[in-house]
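Here is the structure we will look at.
A short reminder: the numbers here are calculations on the coordinates, not readings from a lab. Computed from a predicted model, the values in this text were never measured in an experiment. Cβ placement follows ideal geometry from the backbone for every residue including glycine, while neighbour counts extend to all protein chains displayed.
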Amino acid sequence: MKKPELLSPVGDFECLKSAVQNGADSIYLGTDSFNARARAKNFTLQDLEKAVKYAKLRDVKVHVALNILIKNNEFEEAVKLAIQIYNLGADAIIIQDLGLLKYIIENYPEICVHASTQLTTHNLQGVKYLEQIGVSRVVLSRELSISEIENICKNTNIEIETFIHGALCICYSGQCLFSSIVGGRSRKSWALCSAL
């Protein structure tokens, strides 16, 4: 059995250093846009470059979240950001939007893509589909039981990631379109659900 990987979220450089110095195998973070951590501190691309260098020197992987739904008029900008993140040395990009996910895999196969928990993958069939299209890791829905997670792990070859804490959202994780509907704005820089 493969040793579990300890993956920690980081909101700024101090959090990053703390996670790395206290044993995280990997970290994940968001940039200024296109991530569900819109109300958290995030990294500029310049900050991301420093973060990647710091982590890589200490053999810690860096995963960057582009884990929101992308509107048609945002698609090119999201693709451009994914390429910039890859070029800065990130190990993986965590994506929610299925269209963006497939586009990146098909057009930039060198980029390692993880399916975000926001994609709400909650059964073996969903995991197998994502494996089939080239996703390297699936972050399962936080609502799954231990036995459901075990069944998925036993019946797939893809990497599986799970949260070790419960969801704080009052709905199924990843389905927070409410903020977009109420505010009429993209979630790339604003998320009402995170304030609820």
Whose amide H sits under 5 Å from the amide H of TYR28, counting only residues 5 or more places off or on another chain, with H placed in the peptide plane? SER8, VAL10, HIS63
What ranking, highest mean first, results for peptides 153-162, 98-107, 114-123 when packing means the other Cβ atoms within 10 Å averaged over each residue? 114-123, 98-107, 153-162
For segment 1-109, the Cα gyration tensor yields equivalent-ellipsoid semi-axes (√(5λ), largest first, whole Å) of 24, 15, 13
May I ask you to evaluate 6.51 cos²θ - 1.76 cosθ + 1.60, the Karplus curve with θ = phi - 60°, for each residue of segment 82-89 and list the ³J(HN,Hα) values in order in whole Hz, giving x for glycine and proline? 4, 5, 4, 4, 4, 5, 7, x
Anything over 28 Å Cα to Cα? Flag those among LYS2/LYS41; LYS2/LYS80; LYS2/LYS56; LYS17/LYS154, in the order listed. LYS2/LYS41; LYS2/LYS80; LYS17/LYS154
Karplus (6.51, -1.76, 1.60) ³J(HN,Hα), θ = phi - 60°, over segment 150-161, in Hz, Gly and Pro reported as x: 4, 4, 5, 4, 6, 10, 8, 9, 7, 5, 10, 10
Binning at 10 Å from 0, report for segment 61-168 what percent of all alpha-carbon pair distances ends up in each bin. 15, 48, 30, 7, 0
Using the Karplus equation 6.51 cos²θ - 1.76 cosθ + 1.60 (θ = phi - 60°), what ³J(HN,Hα) coupling, rounded to whole Hz, does each residue of segment 104-112 give in order, writing x for Gly and Pro? 4, 4, 6, 9, 9, x, 6, 7, 6
